[in-house]
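The values are calculated or read from the model by the stated rules, or taken from the named source; none is laboratory data. None of these values were measured; they are calculated from a predicted model. Cβ coordinates were reconstructed from backbone atoms using ideal geometry, including for glycine residues, and neighbour counts include every protein chain displayed. Remember, those area values only see protein heavy atoms, side chains included, never the ligands or the DNA or RNA. Shrake-Rupley method; radii C 1.70, N 1.55, O 1.52, S 1.80 Å.
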Amino acid sequence: MAIYDVIIVGACTAGTFFSNLLAQEGLKVLVIDKDKEENLSKRLDIFHFTRQSFKDYGLEESKEGDEEFVRNFNLCYSKSALDNYLKKSFLEVAVMHLPLFILRLRKTAIKHGVTFRFETSFDHLVYDENKRIKGIVTTQGEEILARLVVDASGIPSVIRRTIKDPYIENFEIGPRDKFYVLLKYVELLNPTDKVEYSTSWPYFKGWIAPQHKQNGAIVGVGANLSYDYARKCMAKFEEKIKLPEYKLQYEEMGCTPYRRPPFSFVTDGFLVIGDAACLTKPMNGEGITSAWVQCAPAAKIVAKALKNGKYPTKESLWKINTLYQRGEGADFANLRATLIGAVDMTMKDNDYMFKESIIFKSDDEDVKGSVINKLIKGVLTKQFSFKALISLLRSSNLGKKLERHYKKYPDNPKDYFNWKIKADKLW
Ligand SMILES: Cc1cc2nc3c(=O)[nH]c(=O)nc-3n(C[C@H](O)[C@H](O)[C@H](O)COP(=O)(O)OP(=O)(O)OC[C@H]3O[C@@H](n4cnc5c(N)ncnc54)[C@H](O)[C@@H]3O)c2cc1C
């Protein structure tokens with residue numbers, strides 16, 4: 001029977017990245033995945049990654065000639081719903097092939113001593129005589145012991161959902177909790193049309209961005225509810241916004257979590273990361289680096305919790321919760337709640353927000369004046385609806401309350417339940 005310090009279930013961006021950090025802390029780590037190695041993350045080809053993240057997460061920069069590398073761009077535009085206003089952000093972005101990027105992460109992890117096993121599925125947890133998690137059993141019936149079990153299985157959250165423990169919310173990431181992304185890989189028909197930067201229209205949750213072919217682009221839309229609804233949103237987006245003429249090459253579809261993360265990621269012998277912990281960005285569903293924000297400090301906390309053969313109790317892992325929830329957790333809670341207020345907005349309302357640089361602004365823009373005064377002026381001059389004003393005030397007020405509450409996330413598990421009652425009420 002194999003015994004590890006940590007077993008991670010799921011070998012994609014969250015599990016592989018985390019395994020490498022743990023191995024660098026000197027831990028013996030096993031990563032399993034139900035898929036064949038060559039099929040890993042096949043659902044998505046091209047993805048975008050801010051270049052700063054290479055530095056932030058200690059990765060070697062991907063460059064021309066590397067197999068995962070496609071190209072770089074350094075500007076992102078966002079445009080208003082009526083296409084009248086444009087905002088510009090300077091952001092260095094790497095365009096890469098996701099399966100090859102994960103392969104690169106895996107090679108680095110293997111170099112640091114991580115063991116990977118494919119076509120190996122998690123079936124259930126095993127517990128010790130004190131009912132504490134002590135490992136897993138695979139669907140082939142093999143028992144693998146580890147002091148810490150990590151769920152990095154993405155939306156299925158195969159381990160988190162089976163845990164019966166007051167510190168772990170075992171909800172399913174159901175159809176209404178997902179962001180359905182539809183991507184069209186297209187060839188541009190007019191040789192003078194080039195898509196060298198990413199341009200998004202937040203009102204439609206639609207965008208056009210570079211892909212691997214110089215005369216190509218990716219047209220994308222994200223929507224809640226279902227793929228059917230995403231397709232309808234795509235049709236509306238393309239009807240309202242004039243994109244360059246194109247011929248469809250192929251489509252990709254996928255979904256990411258679109259709900260608040262669990263209030264606690266840890267309990268005795270257990271940690272949940274990545275999509276299984278719903279750590280995606282509320283505005284666009286991207287989830288690679290937003291999940292790493294939790295992983296990076298977690299690796300050090302786990303190493304300390306496991307030092308000298310210790311069992312990782314929730315108390316010793318708790319700082320993972322505190323650091324995340326008071327930081328990105330608080331920011332995303334605010335944003336997630338505020339975005340709900342945008343649902344009632346018309347295209348004209350959205351245009352006005354761009355015009356007055358409310359929420360949307362260019363990096364080089366010096367925005368003056370109070371937001372509330374601008375919104376009231378918009379209502380008085382009939383450029384912004386009263387309904388949108390009320391909805392936005394309500395949602396941003398709730399967003400701020402949530403942010404303040406998350407910043408007071410408890411220092412230890414015993415104060416968790418009181419904190420959770422208030423958080424539940426606010427949500
Ligand atoms: C169309 C689309 C485009 C996207 N574009 C971007 C982007 O440009 N930038 C960005 O940051 N994010 C993007 N995202 C989001 C990003 O892909 C995810 O947030 C991220 O990949 C999640 O990684 P993960 O490792 O947590 O989960 P996953 O990638 O879902 O990996 C989970 C792994 O667990 C394995 N697994 C599941 N069940 C079991 C089991 N029982 N036993 C063993 N293994 C199991 C699965 O086989 C899988 O390999 C996009 C998502 C979609 C759908």
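Over the chain, what relative contact order in percent results from Cα pairs under 8 Å that are six or more residues apart?
Here the relative contact order equals 16 percent.
Can you give the accessible area per residue of the range 336-420, in Å², using a 1.4 Å probe?
Accessible area per residue: 57 Å².
With a cap of 16 neighbouring Cβ atoms within 10 Å, and only residues DSSP puts in a loop, list the GluC sites (Glu not before Pro) found in the range 183-284.
Details: sites: E187, E196, E238, E239, E245, E251, E252; in loops: E196, E245.
When the GluC sites (Glu not before Pro) of the range 183-284 are filtered for loop state and at most 16 Cβ neighbours within 10 Å, E196, E245 remain.
Output ³J(HN,Hα) for the range 398-410: one whole-Hz value per residue in order, computed from phi by the Karplus curve 6.51 cos²θ - 1.76 cosθ + 1.60 with θ = phi - 60°, and x for Gly and Pro.
Values, residue by residue: 5, x, 5, 4, 4, 4, 4, 5, 5, 5, 9, 3, x Hz.
Using a 1.4 Å probe and counting only protein heavy atoms, arrange T162, T192, T322 so the residue with the most accessible area comes first.
T192, T162, T322
For the chain, take the longest principal axis of its alpha carbons; what is the angle in degrees between that and the long axis of helix 98-111, to the nearest 10 within 0 to 90?
Its long axis makes an angle of about 30 degrees.
What number, in percent, do you get for the relative contact order of the range 344-427 if the mean sequence gap of Cα pairs under 8 Å and at least 6 apart is divided by its residue count?
Working: 42 pairs, mean separation 22.0, N = 84.
Computed over the range 344-427, the figure is 26 percent.
Just to make sure I understand: if all protein chains stay in place, what is the order of Y246, Y352 by accessible area at 1.4 Å, largest first?
On the way: Y246 60, Y352 5 Å².
Greatest to least solvent exposure: Y246, Y352.
Leaving out ligands, DNA and RNA, and with a 1.4 Å probe, what % of the accessible surface on the chain is carbon or sulfur?
That fraction is 52 percent.
Please tell me which of these pairs span more than 31 angstrom C-alpha to C-alpha: K213/K242; K178/K307; K36/K314?
Details: K213/K242 21 Å; K178/K307 38 Å; K36/K314 33 Å.
Result: K178/K307; K36/K314 exceed 31 Å.
For a Förster distance of 35 Å, can you work out the FRET efficiency between the beta-carbons of S53 and T115, rounded to the nearest 0.05?
The value I calculate is 0.85.
From the protein chains alone at 1.4 Å, what is the descending order of accessible area for I110, I273, largest first? Each step should come with its number before you reach the end.
On the way: I110 95, I273 0 Å².
Greatest to least solvent exposure: I110, I273.
How much accessible surface does T346 have with a 1.4 Å probe, in Å² rounded to 10?
For T346, solvent-accessible area is about 60 Å².
My understanding is that a pair violates if its Cα-Cα distance is over 26 Å; which of K387/K425; K184/K281; K55/K414; K34/K425; K87/K377; K400/K425 do that in this structure?
Listed pairs above 26 Å: K55/K414; K34/K425.
Count charges around G15 for me, please; just the other residues with Cβ under 14 Å from its Cβ, Lys/Arg as +1, Asp/Glu as -1.
Result for the neighbourhood of G15: -1.
Can you give the accessible area per residue of the range 176-257, in Å², using a 1.4 Å probe?
In whole numbers, the range 176-257 has 50 Å² accessible per residue.
On the full set of protein chains, 1.4 Å probe, figure out the accessible area of C295 and give it in Å² to the nearest 10.
0
Please work out how much accessible surface Y167 shows to a 1.4 Å probe, ignoring ligands, DNA and RNA, in Å² rounded to 10.
30
Per DSSP H run of n ≥ 4, the term is -39500 (n - 2.57); total these for the chain, divide by its residue number, and report the mean residue ellipticity at 222 nm rounded to 500 deg cm²/dmol.
On the way: 11 runs with 138 residues, N = 427.
It lands at -10000 deg cm²/dmol.
Hey, what do the phi angles of the range 307-324 turn into as Karplus ³J(HN,Hα) couplings, whole Hz, using 6.51/-1.76/1.60 and θ = phi - 60°, x for Gly and Pro?
4, 6, x, 6, 8, x, 6, 4, 4, 6, 9, 4, 4, 4, 4, 4, 5, 5
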